[in-house]
Amino acid sequence: MRLERPTHLRHDLVFVNLGRRGFGEAFRYRSWVAICEQARTAATTPRVHAHAFRHTFATNMAESGMPLDALQRILGHSNMDTVMIYNQVRDGRLYREYQEAMAVQEAARRIRELRVDDRS
């Protein structure tokens, strides 16, 4: 990104247009959709909506523990109810947390058994 980003820009936006029209301006959603479509076509994969990347990012940030008010600012949502969508627990996370809880329970059971054996 450092190699391609124009150095003379007066803003610190990460995603900027590098095409002829609007060079250096903020990257527009339609540009992102076009890039995703070009990549999908070249890879001959099923259709993936560009918005799925935003949703995945937001869900991962919420699952990683990012405060929802911070996520709300990053996403530009005015209503917290909209941000709560990203706080839903995905199956993978649910399974991981279940496995971790079961490991804690198993460790506690083993400690209890060791204590009983020590008394004998």
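Taking label points 7 Å from Cα along the Cα-to-Cβ direction, ALA108 and GLU25 give a separation of 5.9 nm.
One way to sum up the overall shape of the chain is the equivalent ellipsoid from its Cα gyration tensor, whose semi-axes run 46, 18, 16 Å, largest first. Ignoring solvent entirely, what values of log10 I(q)/I(0) come out of the Debye formula for the stretch 61-120 at 0.23, 0.25, 0.28 Å⁻¹ when each Cα is a single scatterer? Scattering profile of the stretch 61-120, log10 relative to I(0): -0.89, -0.95, -1.05.
The charge dipole of the chain, taken about its Cα centre with unit charges on the Cβ atoms of Lys, Arg (+1), Asp and Glu (-1) only, comes to about 520 debye. Projecting label points 7 angstrom from Cα along Cα→Cβ for GLN88 and LEU13 puts them 3.1 nm apart. Projecting the Cα atoms of VAL116, ALA43, GLY19 onto the charge dipole of the stretch 18-120, computed from C-beta unit charges around the Cα centre, puts GLY19 farthest toward the positive end. Using alpha carbons only, how many angstrom separate the centre of the stretch 64-120 from the centre of the stretch 28-63? Rounded to whole Å, the Cα centres lie 28 Å apart. Scanning residues 5 or more positions from VAL16 or on other chains, those with amide H under 5 Å from its amide H are PHE27, with H placed 1.01 Å from N in the peptide plane.
Read-outs: derived from the displayed coordinates by stated rules, not from any lab. Since the model is a prediction, treat every value here as computed from it, not as a measurement. In this analysis, Cβ positions are derived from the backbone assuming ideal geometry, glycine residues included, and neighbour counts consider all displayed protein chains.
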